[in-house]
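What follows is a set of notes on a single structure, which appears directly below.
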Amino acid sequence: MRALVVQHEHDGPAGLMGEHLRARGYEVVDHLVMHPGSTESHHPFPDPTAFDLVVPLGSVHGVYERDVIGTWIDREIAMLRTAHGAGVPVFGICFGAQAMCAALGGQVEKAPGYEVGWYAYDTDVPEVIAAGPWFTWHGDRCLLPDGDEAPDVLARNSLCTQAYRRGRSVGVQFHPEATPELVGAWVAKCPPGYFASHATTADAVLGGFATEGDALRARAITLFEWFLDEVAPS
């Protein structure tokens, strides 16, 4: 079994998701989109039909920022559309969920606020997606397509859709793959004043792992197992 992980930045690996895929016997193939120091990428995306599932990860950029990531974002969306059309399971995380939303015919826009830290959400499937808290870091939101092709919304809050499913494609706005090491690297990159301007602190962001880290791992594994055992084989 082979899993394609689309990693957008060098410091944004698959974390717990990659760990769990390997534990389940998957060969994880990482496709790094942007190399350090550049937002451009002319490297072709792999053929998703050569894999058993695809996992597009997060990014510091927005799907709509074509002036910044225009060399690759449309190609990624096309790749995800191909995967979905061919029945290849997709598990999109944060930016990856937003790119999958665009591939399904939806839109992505700047959200009216940010979520940086630990949040609980309203969930229709608490046995699969617990209310939380989940680690979250984003300022954009998905506007899912309407009509017959509309995905099922699985979790939400007043800001945005937090999880959705359409067939074998799932998107989550939060970060179930998060680890203290991964988030620590993100925090270290933030300029002075970043967390104050987002109504939190670096200590609150990182300190959540001391109280919620083990529970987050358990919640994440439940979510990953549902995707691998119920969504991917269907």
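Among the candidates G167, G147, which residue alone is exposed (fewer than 14 other Cβ atoms within 10 Å of the Cβ), of a type outside the set (D, E) and either under 24 Å from H84 (Cα atoms) or in contact with a Gly (Cβ under 9 Å, 6 or more places away or on another chain) (or both)?
So the residue among G167, G147 that is exposed (fewer than 14 other Cβ atoms within 10 Å of the Cβ), of a type outside the set (D, E) and either under 24 Å from H84 (Cα atoms) or in contact with a Gly (Cβ under 9 Å, 6 or more places away or on another chain) (or both) is G147.
Tally up the residues in segment 199-213 that are of a type in the set (D, E, K, R) and under 20 Å from the mean Cα position of the chain (by Cα), please.
Residues flagged as of a type in the set (D, E, K, R) and under 20 Å from the mean Cα position of the chain (by Cα) within segment 199-213 amount to 1.
How many residues are more than 27 Å from A232 (Cβ to Cβ), touching a Ser or Thr at 6+ places or on another chain (Cβ under 6 Å) and part of a strand (DSSP E or B) if we restrict to segment 63-119?
Summing the residues that are more than 27 Å from A232 (Cβ to Cβ), touching a Ser or Thr at 6+ places or on another chain (Cβ under 6 Å) and part of a strand (DSSP E or B) in segment 63-119 gives 3.
Could you list, in sequence order, all residues of segment 189-211 that are loosely packed, with under 13 Cβ neighbours inside 10 Å and either in a helix (DSSP H, G or I) or among the aliphatic types (A, V, I, L, M) (or both)?
K189, A196, S197, A199, D203, A210, T211
Looking at segment 139-153, which of its residues are part of a strand (DSSP E or B), out of contact with any helix residue (DSSP H, G or I) (no Cβ under 9 Å at 6 or more places or on another chain) and under 19 Å from D124 (Cβ atoms)?
If the condition is that a residue be part of a strand (DSSP E or B), out of contact with any helix residue (DSSP H, G or I) (no Cβ under 9 Å at 6 or more places or on another chain) and under 19 Å from D124 (Cβ atoms), then D152, V153 are the ones that fit.
Quick one: would you say D74 is among the charged types (D, E, K, R), surrounded by fewer than 20 Cβ atoms within 10 Å (Cβ to Cβ) and more than 18 Å from the chain's Cα centre (by Cα)?
Judged against the criteria, D74 is not a match.
None of the figures in this text is laboratory data; all of them are computed from the coordinates on show. Bear in mind the structure is a predicted one, so any value in this text is a computation, not a measurement. We place every Cβ from the backbone using ideal geometry, glycine too, and count neighbours over all the protein chains shown.
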